[in-house]
Amino acid sequence: MISIKNLQKIFKSGNTQVQAVDDVNLNIEKGEIYGVIGYSGAGKSTFIRLLNRLEDPTSGEIVIDGEDIASLKAGSLRKARQEIGMVFQHFNLLWSRTVRENIAFPLEIAGTPKKERQERVDELIKLVGLGGREDAYPSQLSGGQKQRVGIARALANRPKVLLCDEATSALDPETTDQILDLLVDINEQLDLTIILITHEMHVIRKISHRVAVMEEGKVVEEGDVLDVFLHPKEKVTKRFVEQIMGDQDQDEAVETILAQYQTGQVVRLHFVGEKTNQALISEVSREFPSVSFNILQGKITQTSKGAYGTLYVHMDGTEEDIKKAIDYISETSVQVEVNDHVS
Amino acid sequence: MFHKLFPNANVEDLITATEETLYMTALSVIGTFILGLLLGLLLYLTSKQNIWANKPLNFIVATIVNVFRAIPFIILILLLFPFTEFLMGTIRGPNAALPALIIGAAPFYGRLVEIALKEVDKGVIEAAKSMGAKTSTIIFKVLLPESMPALVSGITVTSINLISYSAMAGVIGAGGLGDLAYLKGFQRWDFDVVFLATILIVIIVFIFQFVGDFISNKLDKR
């Protein structure tokens, strides 16, 4: 659906040049929610603005639905942009227009006849849940409502893809979740491809199917959200995963506890997807009555591809029994990480 | 009562003069609004990193604006006499004052328009671009509506300048309250007439200011 090849953007000012986007290659499938995460200055904002040519790429290809956006002339670029919706961090609504008029704006640009325009606007207002607020001005709306208008506006011309530029970064946590739910709804209802950039791992975790991690203009890691969560390779990715999976305080606490155990074995279990719901521990303890299990710490988080949890367990018993128990667990889909802190 | 306070005032003269002042002001405000809007848009759009970014053109427009703003109005009228005569066929009466009034006020209003446009949220312009808007759409559906309250208060300030310019033009034969104050008042040493003309001008200014503020507030939905 979307294929990005060797995409580069270099900003020049005087003698200095900044490589904002450095040789990015990505393929995004139709109907996918694709997240790009990075800290500020990583180039993710420039990246998403290249996709609808709000910035012109220095070199590279951006093919959306068979059309190379990077090489379009002004007139055809305007046409192409009508099929690429964009949602902004600061909403960017026209304060001089009501909700209804704001949503109608892209339809006016596309030359939709008035009657059709009104019907479409009514549809969109229902879709984003703004019924009753049609005639309000943006200044009378809350942040979440403003972003709903922003989303409705971006969807007005039935785009092939929706670009979200830090769409939830200006919202409080609860409103963020509501907007994310709305995006998932839209993705499922319309089978719409969504590309979002963010600096919050929470956003990626909650709605993305796949994720790319950007640092210094490059995509340093890419894959299914769950894989990236489970096996973060790069340092920045680990830092992002830590944002939700573990805060440092707790990790330190666990380490202190680990140090206290002189016998047995402490293992860290990774539960992925549906297996999270299985009664694994009680099953193993039934199977190996000679081994005692003590749960030290557990944590679970929900991603769009299922749940992901970790569990620290202390196992005590004979070395042989422990080994058998670990082997038994390893045969299930739960991954076992043997902790070396205890000898 | 009126005749006791203003023994030398002729009501008919006053009405004619007021009408002439209002006529000159109204037409010159319209002319200034259009010409100033064009100048302001040109200044804004050709500025750095804008839609029509064009350094030489921006420099030329800015220079014209600055030069005309630097010329004192009374000299500008004299300077424009040949042009006025060519354009209007006369150098006397309210119509003859219009070219000088518009050319004198438009550069000032142009700068106010430029400032107003600069205040429009860049993000909103970007959003319009991302929807595939043409430049003309951005001008007429984003830039102008989003800056309208500032454009209206700008034209209010300018129209008050124009009222005082029109009085100045009156002194050298354009008619209106300035003309009345000078010819029928000052020249005959009838200061009650000068005073009355002043009161009328102040009332007109107040009305313009009030209407301008009212419209500007009404338009502002922020």
If you take the residues of segment B:60-83 that are within 18 Å of the chain's Cα centre (by Cα) and more than 16 Å from B:MET168 (Cα to Cα), which of them is surrounded by the most Cβ atoms within 10 Å (Cβ to Cβ)? B:VAL65
Meets criteria (in contact (Cβ under 8 Å) with a residue 40 or more places away in the chain, closer than 16 Å to B:ARG111 by Cβ and either in contact with a strand residue (DSSP E or B) (Cβ under 7 Å, 6 or more places away or on another chain) or in a helix (DSSP H, G or I) (or both)) for B:LEU39: yes
Qualifying positions in segment A:280-307 - of a type in the set (Phe, Trp, Tyr) and surrounded by fewer than 13 Cβ atoms within 10 Å (Cβ to Cβ): none
Please specify each residue of segment A:56-86 satisfying the condition of being among the hydrophobic types (A, V, I, L, M, F, W, C) and assigned to a helix (DSSP H, G or I). A:ILE69, A:ALA70, A:ALA74, A:LEU77, A:ALA80
Restrict the check to segment B:68-78 and report whether at least one residue is more than 14 Å from chain A (Cβ to nearest Cβ), charged (D, E, K, R), touching a Phe, Trp or Tyr at 6+ places or on another chain (Cβ under 8 Å) and in a helix (DSSP H, G or I). yes
Against the definition (closer than 20 Å to A:ASP177 by Cα and surrounded by 22 or more Cβ atoms within 10 Å (Cβ to Cβ)), how does A:GLY143 come out, yes or no? no
Looking only at segment A:294-343, which residues are in contact with a His (Cβ under 6 Å, 6 or more places away or on another chain) and of a type in the set (Phe, Trp, Tyr)? none
What number of residues within segment A:93-112 satisfy the criterion of being within 8 Å of another protein chain (Cβ to nearest Cβ) and surrounded by 20 or more Cβ atoms within 10 Å (Cβ to Cβ)? 7
Return a yes/no flag: does segment A:157-169 have any residue that is away from chain B (no Cβ under 14 Å) and either on the phi < 0 side of the Ramachandran plot or surrounded by fewer than 16 Cβ atoms within 10 Å (Cβ to Cβ) (or both). yes
Among the residues of segment B:43-59, are any under 19 Å from the mean Cα position of the chain (by Cα) and free of Cβ contacts under 8 Å to residues at least 40 places away in the same chain? no
Kindly list, by first and then second residue, each pair from a residue in segment B:105-132 that is within 14 Å of chain A (Cβ to nearest Cβ) and buried (at least 24 other Cβ atoms within 10 Å of the Cβ) to a residue that is of a type in the set (Asp, Glu) and in a helix (DSSP H, G or I), limited to pairs with Cβ atoms under 6 Å and residues at least 6 apart or on different chains. none
A:GLN147 within 14 Å of another protein chain (Cβ to nearest Cβ) and not aromatic (Phe, Trp, Tyr): yes
Of the residues that sit in segment A:59-92 and are under 15 Å from A:LYS5 (Cα atoms) and surrounded by 17 or more Cβ atoms within 10 Å (Cβ to Cβ), which one is farthest from the other protein chains (Cβ to nearest Cβ)? A:GLY60
Hits in segment B:84-97 (condition: in a helix (DSSP H, G or I) and either surrounded by 22 or more Cβ atoms within 10 Å (Cβ to Cβ) or among the hydroxyl-bearing types (Ser, Thr, Tyr) (or both)): B:THR84, B:PRO94, B:ALA96, B:ALA97
Selection within segment A:199-225 - over 11 Å from the mean Cα position of the chain (by Cα) and either in contact (Cβ under 8 Å) with a residue 24 or more places away in the chain or closer than 22 Å to A:ASP177 by Cα (or both): A:MET214, A:GLU215, A:GLU216, A:GLY217, A:LYS218, A:VAL219, A:GLU222
Those residues of segment A:288-317 which are under 11 Å from A:GLN265 (Cβ atoms) and part of a loop (DSSP other than H, G, I, E, B) amount to A:VAL291, A:GLY317
Exactly one of A:GLY317, A:GLY298, A:GLY309, A:GLY264 is under 27 Å from A:VAL36 (Cβ atoms) and either among the small types (Gly, Ala, Ser) or at pLDDT 80 or above (or both), and that one is A:GLY309
Looking only at segment B:133-178, filter to residues that are outside any helix (DSSP H, G or I) and surrounded by 18 or more Cβ atoms within 10 Å (Cβ to Cβ); which one of those is nearest to the chain's Cα centre (by Cα)? B:GLY175
Please determine whether any residue of segment B:195-215 is at pLDDT below 95, in contact with a Gly (Cβ under 7 Å, 6 or more places away or on another chain) and part of a helix (DSSP H, G or I). yes
Mind counting the residues in segment B:181-194 that are part of a helix (DSSP H, G or I) and over 12 Å from B:PHE6 (Cβ atoms)? 4
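The values are calculated or read from the model by the stated rules, or taken from the named source; none is laboratory data. Computed from a predicted model, the values in this text were never measured in an experiment. Methodologically, a virtual Cβ is constructed for each residue, glycine included, from the backbone with ideal geometry; neighbour enumeration extends over all protein chains shown.
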